[in-house]
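What follows is a single structure, written as structure tokens, with notes after it.
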Amino acid sequence: MSRAFDGMMEGLRGNLLRMGGRSEAILDKALRALWERDARLAQEVADDDVEIDRLEVAIDEGVLKALALQAPVAEDLREVLAVKMIAIDLERVGDLARNIAKSAARSAANPPIPFPAALTSLARASQRVLRRSLDAFSRTDADLARAVLAEDDAIDRAQDEVVQAMLRALERQPTAASQEVDLIMVAKHLERVGDHATNIAEDVILVAEARNIKHAAKLARSS
Amino acid sequence: MSVPVDEEANPGARWASPAMQEHLRRRHRAERRFRRAGAIAIGLALLGLATLLASIAVNGWSAFRATEIRLDVVFDPALFAGAGDAPEARDLAGADYAALVRNALRAQFPDVEGRAALRELGALVSAGAREELRAAVIADPALIGSSRTWWLPADDEVDLYRKRGGAAGVAASDRHLSDAQIAWIDQLAARGRLRSAFATRFLTSGDSRDPELAGIWGAVVGSFLTLIVTLSLVFPLGVSAAVYLEEFAPRNRATDLIEVNINNLAAVPSIVFGLLGLAVFLGFFGLPRSAPLVGGLTLALMTLPTVIITARVAIAAVPPSIREAGRGLGASPLQVVLHHVLPLAMPGILTGTIIGMARALGETAPLLMIGMVAFIVDIPHSIRDAATALPVQIYLWADSPERAFVEKTSGAILVLLGFLVAMNGTAIWLRRRFEKRW
Amino acid sequence: MAEPRVAREIAGIAPEPARGAAAPGGAAVKMRARGVHVWYGDNHALQDVDLDITRGEVTALIGPSGCGKSTLLRCFNRMNDAIPGCRVTGDLLLDDQPIYGGGIDVEQLRARVGMVFQKPNPFPKAIFDNVAYGPRIHGLARKRSELEEIVERSLTRAGLWDEVKDRLDEPGNALSGGQQQRLCIARAIAVDPEVVLMDEPCSALDPIATARIEELIYELRGRYAIAIVTHNMQQAARVSQRTAFFHLGVLVEQGPTEEIFTNPRVQRTSDYITGRYG
């Protein structure tokens, strides 16, 4: 009954891409709140996140229905599972954006400190891999997914740089400790966003090539 | 049958053991014996059949050939009194055709003198020769005054003499011909005036006291008319009864009773139906004796149970899924029967009907009871005319004292068998043709 | 036993709304069964069944062998009349008119409520005559051209037209099994019924033919009220919008197919669906 299943799949993909768009949007808004020290913008993020949660519930129901009623197999099954897993990652991205917004609000209330260069490049990189991973899903493009995976190390290093820089700043300027700690947390959140983008990319490769490459390096080392 | 063999090591060894081999050989022997017994049985049956057919064919083959004598017939106007420009038919019919024949014979043997000798000479030609000439003149009065060569039928004794191979084949005491007659025959043969031709008379004329003129056409027409009556009664009644019993009748005691009775009637001896026909059709209704109408009615009673039974079987063989499909579309029970069941059952019904008709064609006893045993010369024209039927004709001829009727009897049997084979062949062809459709 | 109608519109995932459905909560009900009991002699085959067959929906009747689902189906077009000793009580209505009791002509009922059987049973006639039979006997076409239109339309709706349009004179049973069943469907819809009953229509077919018929049922539901009996649960899940589960002559549970297959309320239903039954 491929027609009915295709209809369901269309709906699920639509919802997922909407969710992805939302996540990108509120991540961008949270970061702008941080750069521009805009507490009001930070407040909007919390409201925007609710929409993401609603979409996640809808996707849950849709996945359940597709599995129960259509019993998909092969690529269809991997697609349905991928939608569910990516939805989880996107929901987390939403939460991370909310947390970044909270830090932005706090920072806005305190005197500003200069942003480390690594932080801006980290933020750009995180946004970039998130966008690319969603593009890869939308086009089921395994090569683009692998490009996302390749950027993961750079994101980790950028995060380390920011943390180091902020730790040094903490020694030099203890009075700005609150801002410095906030920036460390923002860096951590952004690195988590990168991890979720990596997860999404791995799910895309599962759909496209039927290969599960999660934790590949770790599993290879321990065997 | 346990065999001490290590099954773990060689699971197939059990089947290769000597005891198993012997068992196998015994089984094969038994099967070969069975097949041989079957072949022998079939062989004996075929042998018996072949013997029967051969004896009939040997006796009856000669019935299809008749001896003819070529004579130069002079249509002497003097014999046709009152012949003028338009002679009345009665004058033509009443002329002395025997004289025509005698004259022609004497023309061949001008030396024959004396009444006795002339009578013997005249006896060479069949009495039917006169009828032939009469019919010819009536058809074409212009023959009067002309002279034609004519192949006229020989007398049955001449015919028999010739068929038995001449003087050499017959003992002197057995011969019914005098020496003089034999001499004349041989002379005619030497002159090329004797031939053995296809006996169309056997197939085209009615019965006669003279064997050489007797034919089966009357019996064939009688049988045909009888079967027409039978068929026109049996087919509609039988099929309708079968349809009712299979499709519409409720399943209760009454219907069971009817079914049992029909099955029993199919096994009743045919002469009982003859008695019934005698009592009811002739006695009560006063229908004309010996008519195909009565014969047909009687045979219809006899054939009806068989046709009902075979028609029921054919109808029951139609798959119920077809009926369900029809009912599911909203067809009424009658529509289902007419549109679907009957067309599909028709090959079986037709086969059963034809086989029933073939059986009716060969029945003698009921027809004897209702009087179709009279000596009928004229060809019947309607179902109320007196007639006879083929099997009855065979019975009558078999009873006849004249030697020549022996070959006629066998010839008639061959014709009857031919019809039966044709009818059964048609039944098989019909069945094959319809079976291909579905 | 009134079942709750739960209207669920799931954003972006709802199927194309069925034509004729007034509203998710009040769609056009074509046939109703209320308090229906069926006896075969002394055997109480079906007990107290309440069920609706709705236009624009496929209603699946599922359950183990001998549970009474086919019996109920055959009540809807009175095919049980042909079974001696069969007794039906309760109310069975077509458009609020009782179908038992002399008010409706049985043959017309069967033109309005069509049936497709388990084993394809085309008539041993030409394909054209198969499809034309129903319209002919019910007088639905006055001229040959009208009949040809009906035949073409029905074969097209059954998805068979392209395959047989050049050989309408060939016998119906020269087709493959799947084609024969589509022919039977075309034959059933040629009289433009309001309800189509299907008794395990795919159980005699191979998987590809089955998939085609399921697609066909999916397309046809917009036009007719369809009830399908199937012993294949996955098929019921794929094809239907409402499902009714029968067990030993009792209607155990009915509801939207999605609910039955994701969260059935009765334990017996759950056991059957998960295959733990028996």
- Message: Show me the three semi-axes of the equivalent ellipsoid for the range B:265-370, from the C-alpha gyration tensor (sqrt of 5 times each eigenvalue), largest first, rounded to whole Å.
- Response: 37, 14, 10
- Query: Using bins 5 angstrom wide from zero, how does P(r) for chain C break down, in % of all Cα pairs?
  - Reply: 1, 6, 12, 16, 18, 17, 14, 9, 5, 2, 0, 0
- Message: Compute the orientation-averaged projected area for the range A:30-140 from the convex hull of its Cα atoms and round it to one decimal in nm².
- Response: 7.8 nm²
- May I have the extent of the alpha carbons of the range B:324-380 along their three principal axes, as whole Å values ordered from largest to smallest? 61, 20, 18
- Hull surface over four for the Cα convex hull of the range B:162-306, reported in nm², is 14.4 nm²
- Looking at the P(r) of the range A:73-223, how many percent of alpha-carbon pairs lie beyond 18 Å? 61 percent
- Message: Can you give the local net charge around B:D156? Use residues other than it whose beta-carbon is closer than 11 angstrom to its beta-carbon, Lys and Arg +1, Asp and Glu -1.
- Response: -2
- In Å, what Rg and Dmax follow from the Cα atoms of the protein assembly as shown? 50.0, 179
- Highest mean packing first, using Cβ neighbours within 10 angstrom, the peptides B:272-282, B:136-146 sort as B:272-282, B:136-146
- Can you give me the pair-distance distribution of the range A:105-147, C-alpha pairs, 10 Å bins, whole percents? 25, 31, 23, 17, 4
- So what is the orientation-averaged projected area of the range C:37-92, using the convex hull of its C-alpha atoms, in nm²? 4.1 nm²
- Message: As a test of the formula, what do you get for chain B when each DSSP H run with n ≥ 4 contributes -39,500 (n - 2.57) and the sum is divided by the residue count, at 222 nm and rounded to the nearest 500 deg cm²/dmol?
- Response: -19500 deg cm²/dmol
- Message: With an 8 Å Cα cut-off and a minimum separation of 6 or more residues, compute the relative contact order for chain A in percent.
- Response: 25 percent
- Task: Work through the residues other than C:I104 whose Cβ is under 15 Å from its Cβ and net out their charges, Lys, Arg +1 and Asp, Glu -1.
- Result: -2
- Going from the fewest other Cβ atoms within 10 Å to the most, one would list C:R55, B:R36 as B:R36, C:R55
- Query: What angle do you read, to the nearest 10 degrees and between 0 and 90, between the alpha-carbon axis of helix B:342-361 and the longest principal axis of chain B?
  - Reply: 40 degrees
- Query: Which value in Å is the Kirkwood Rh of chain B over different Cα pairs?
  - Reply: 27.4 Å
- Would you calculate, for chain C, the mean residue ellipticity at 222 nm contributed by helices, counting each DSSP H stretch of 4 or more residues as -39,500 (n - 2.57) and dividing by all residues, to the nearest 500? -9500 deg cm²/dmol
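Quick check: convex hull of the Cα atoms in the range C:41-149, volume per residue, rounded to a whole Å³?
Value for the range C:41-149: 155 Å³ per residue.
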- Item | Three-way shape call for the range A:82-170 based on the alpha-carbon gyration tensor, with the a/c threshold at 1.5 | oblate
- Query: Just the C-alpha atoms of the range B:226-288: what Rg/Rh do they give, with Rh taken as the Kirkwood radius?
  - Reply: 1.05
- Task: Measure nothing fancy, just the Cα-based angle from helix A:117-139's long axis to the longest principal axis of chain A, in degrees from 0 to 90, nearest 10.
- Result: 10 degrees
- Query: How many percent of all Cα-Cα pairs in the range C:184-264 sit more than 18 Å apart?
  - Reply: 44 percent
- Take the Cα atoms of the range C:143-278, find their three principal axes, and give me the spread along each one in whole Å, biggest first. 56, 28, 24
- Cα-based Rg and Dmax for the range B:348-438, where Dmax is the largest Cα-Cα distance (Å): 16.3, 56
- Task: Give me the Debye-computed log₁₀ of I(q)/I(0) at q = 0.10, 0.17, 0.21 Å⁻¹ for the range A:131-219, equal point scatterers on Cα only, no solvent, two decimals.
- Result: -0.35, -0.72, -0.90
- Semi-axis lengths, Å, the range C:129-208, gyration tensor of Cα atoms, sqrt of 5 times eigenvalues: 21, 15, 10
- Can you list which of the trypsin sites (Lys or Arg not before Pro) found in the range B:167-264 are DSSP loop residues with at most 13 other C-beta atoms within 10 Å? B:R191, B:R209, B:R251
- Give, rounded to the nearest 20 debye, the magnitude of the charge dipole that the protein assembly as shown has about its Cα centre when Lys and Arg contribute +1 at Cβ and Asp and Glu contribute -1 at Cβ. 1620 debye
- Query: Based on DSSP H runs of at least 4 residues, each adding -39500 (n - 2.57), what is the mean residue ellipticity at 222 nm of chain A after dividing by all its residues, to the nearest 500 deg cm²/dmol?
  - Reply: -31500 deg cm²/dmol
- Using the Kirkwood formula on alpha carbons, the hydrodynamic radius of the range B:132-245 in angstrom works out to 18.5 Å
- Within the protein assembly as shown, what percent of beta bridges assigned by DSSP are antiparallel, to the nearest 5? 70 percent
- Between B:A123 and B:L237, take the C-beta separation as r, use R0 = 60 Å, and let me know the FRET efficiency to the nearest 0.05. 0.65
- Message: Less than 14 Å Cβ to Cβ from A:T198, Lys/Arg counted +1 and Asp/Glu -1: what total charge do the surrounding residues give?
- Response: -1
- Please give the helix B:97-108 orientation as an angle from the longest Cα principal axis of chain B, in degrees from 0 to 90, rounded to the nearest 10. 80 degrees
- Work out Dmax and Rg for the range B:309-405 from the C-alpha atoms and quote the Rg first, both in angstrom. 22.1, 70
- Two-decimal Rg/Rh of the range A:20-68 from alpha-carbon positions, Kirkwood Rh? 1.20
- When the charge dipole of the range B:328-422 is computed with +1 at the Cβ of Lys and Arg and -1 at the Cβ of Asp and Glu, the Cα pointing farthest to the positive end, of B:A387, B:F405, B:H339, is that of B:H339
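Of A:K84/A:K218; C:K125/C:K165; B:K163/B:K408, which ones are farther than 20 Å apart at the Cα?
Too far apart for the 20 Å limit: A:K84/A:K218.
Read-outs throughout are calculated quantities, based only on the coordinates presented, and are distinct from any laboratory measurement. The structure displayed is predicted, hence computed values, not measured ones. Cβ: placed from backbone, ideal geometry, glycine included. Neighbour counts: every protein chain shown.
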